[in-house]
Structures are given as structure tokens and as C-alpha cells.
Ligand SMILES: [Ca+2]
Ligand SMILES: [Ca+2]
Ligand SMILES: [Ca+2]
């Protein structure tokens with residue numbers, strides 16, 4: 001009997017939690033990830049100011065109203081890439097999102113929207129490590145994260161973010177050209193405080209541009225007035241050079257107490273051309289910020 005008690009106590013020590021000595025490392029990691037703000041699937045929420053209709057000569061105006069409405073979100077699927085026994089593990093977290101794009105393309109002052117089905121997959125990768133001295137989550141904690149990347153689950157995606165850069169008072173504070181890149185959560189995430197003058201820039205790849213404009217670029221996060229804003233490549237509103245392919249949104253940070261995520265989102269021009277056709281096409285990157 002004494003042997004059994006000692007064995008249980010030893011197990012509890014290894015697991016780092018006396019209440020649940022039976023939990024495996026994989027289960028602890030699952031619990032850690034499920035409760036982490038780094039994995040929240042809220043990057044593309046929000047409504048915004050629809051901004052101006054369109055520039056002269058453009059085929060596609062912005063919709064009068066548009067927003068995304070989440071229908072269902074799967075529980076995250078976790079892929080552990082190396083054996084947690086080593087005390088360090090790379091984790092891919094995959095969320096399937098079903099949503100609708102609510103869109104009203106008729107500028108008549110009446111909200112009479114159609115909807116387009118959204119099937120998105122959201123990928124984020126984490127490096128987790130186990131610290132024998134920590135009690136919570138079996139000692140596991142998140143060391144590094146990648147940005148979350150949204151991809152279409154079905155259908156042909158033609159629009160992709162190719163870079164995302166954040167400046168504070170003209171100083172570069174965060175940059176990404178590959179959504180597979182890891183950032184240490186203690187030192188390499190953007191830090192944004194209310195009142196900071198921040199400029200976010202993004203570049204886009206479109207595989208098959210058909211319209212003018214070929215796509216719309218949208219900032220999400222602790223923006224001003226609304227949590228979603230159009231980004232511009234017109235040399236105005238903080239954009240350094242017109243028509244150089246770098247889209248910009250510059251603002252004084254607000255609302256940092258809400259979802260602490262900042263994202264860039266591109267929507268194909270033809271998705272905004274009507275409110276009926278099932279042709280939702282969009283890509284996005286989002287990252288947690290600290291303050
Ligand atoms: Ca309308
Ligand atoms: Ca520009
Ligand atoms: Ca498309």
C-alpha cells in the first residue's frame with residue numbers, strides 16, 4: 001500500500017498538479033491551448049465605417065454595409081509535432097470556422113443584405129515548454145507563437161497577405177513576411193497602448209486580379225472609432241507613397257481592453273461586387289498584442 005501511495009505522489013509531482021495526477025502531457029497542452037488568448041478565433045469580428053464609395057474609374061464600390069457573422073466554430077484540432085516527454089513541443093492549432101458574410105451592395109440607405117457562405121480554416125502554431133517549477137497546466141506554458149492565418153477551407157483562394165508591419169511613432173515594432181514565423185510571447189509581440197500613434201502596413205498577392213480595385217485591405221484591432229477600417233494605398237492618411245502596393249492604416253490606438261488582437265484581412269474585389277454570388281474569397285493574418 002505504501003508503495004502505491006508513493007507511486008501516486010511521484011506521478012503527481014511529474015504532472016505538477018496534485019488534483020489531476022492522471023492527466024497526460026498532451027492533455028495538459030490541450031487545456032493550456034484551449035484557455036489561451038493566443039488562440040482566440042476573433043481576428044475578423046467587428047464592423048466598421050464603410051468609408052467612401054469608390055474612386056472614379058473603379059468598377060467595384062465598397063458595400064453599403066458588410067460584416068462577418070460566425071455560425072459555428074469547431075473545437076480546435078491540435079497536432080503535436082514532437083514528443084512532449086522532451087519538455088518542449090511544437091503545436092499546430094487548427095480551427096474550422098463556418099460563418100456568413102452579410103453584405104449589402106446597394107447604396108440606397110436601406111439595410112437589405114444578402115449573405116455569402118464562409119468556410120475558413122484558421123492555423124496558429126505554438127512552441128510550448130514544461131517548467132517543473134510551475135504548477136498550472138502541468139507546468140506547460142506558451143513560449144512562442146506564429147500569427148494566426150485564415151485560409152479558405154473550400155473553394156479557390158486567390159488573395160493572400162504577403163506582409164504585415166507595425167510602426168509606433170515611426171519606429172518599427174513588429175514585422176512579418178511569413179505566417180510560419182514564431183515570435184516569443186515575452187519579448188517579440190507588438191505592444192500597443194491607448195493613445196500610441198501607430199501605423200500598420202500590409203502588402204497583398206492576388207493570383208488572378210479581375211477588377212479595379214482587385215481587392216480591399218482591411219485593418220482589425222484597437223483602431224479609432226471602429227474596430228475595422230479600410231487600409232489605403234493612396235498616399236493619404238499615413239500612407240507614405242500612393243500606388244506602391246503598400247496599404248496603410250495610421251491611427252491613435254483605442255479600445256486596448258477588448259480582444260487583444262490586431263489583424264489584416266484582404267477581400268477579393270469580386271466578393272464585394274454583388275450580394276448574391278457564392279464567391280467569398282479572403283485571407284488574413286492576426287497576432288496578439290500586449291499592453
Ligand atoms: Ca442597401
Ligand atoms: Ca502606399
Ligand atoms: Ca476570387
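Remarks
- 0 to 90° range, to nearest 10: angle between helix 25-34 axis and the chain longest Cα axis: 30
- Helix 2-15 axis, angle to the chain major axis (alpha carbon atoms, nearest 10°): 20
- Segment 175-282: C-alpha pair distances exceeding 20 Å, %: 48
- Across segment 101-178, the volume of the C-alpha convex hull divided among the residues equals 236 Å³ per residue.
- With an a/c value of 1.5 or above and a/b not larger than b/c for the gyration tensor axes a ≥ b ≥ c computed over the alpha-carbon atoms, segment 126-220 is described as oblate.
- Cα gyration tensor shape for segment 185-242, rounded if a/c is under 1.5, else prolate or oblate: prolate
- Peptide packing for 115-123, 263-271, 151-159 was compared via the average number of neighbouring C-beta atoms within 10 Å per residue; ordered from the highest value, the list is 263-271, 115-123, 151-159.
- Only helices enter the 222 nm calculation for the chain: every DSSP H run of n ≥ 4 contributes -39,500 (n - 2.57), and dividing by all residues gives -2500 deg cm²/dmol, rounded to 500.
- The chain - Rg (one decimal) and Dmax (whole number), Cα, Å: 21.7, 84
The numbers here are math on the coordinates, done by the rules we state, and not lab data. Keep in mind that what you see is a predicted model, and the values were worked out from it rather than measured. Glycine also receives a Cβ, built like all others from the backbone with ideal geometry; neighbour counts cover every protein chain displayed.
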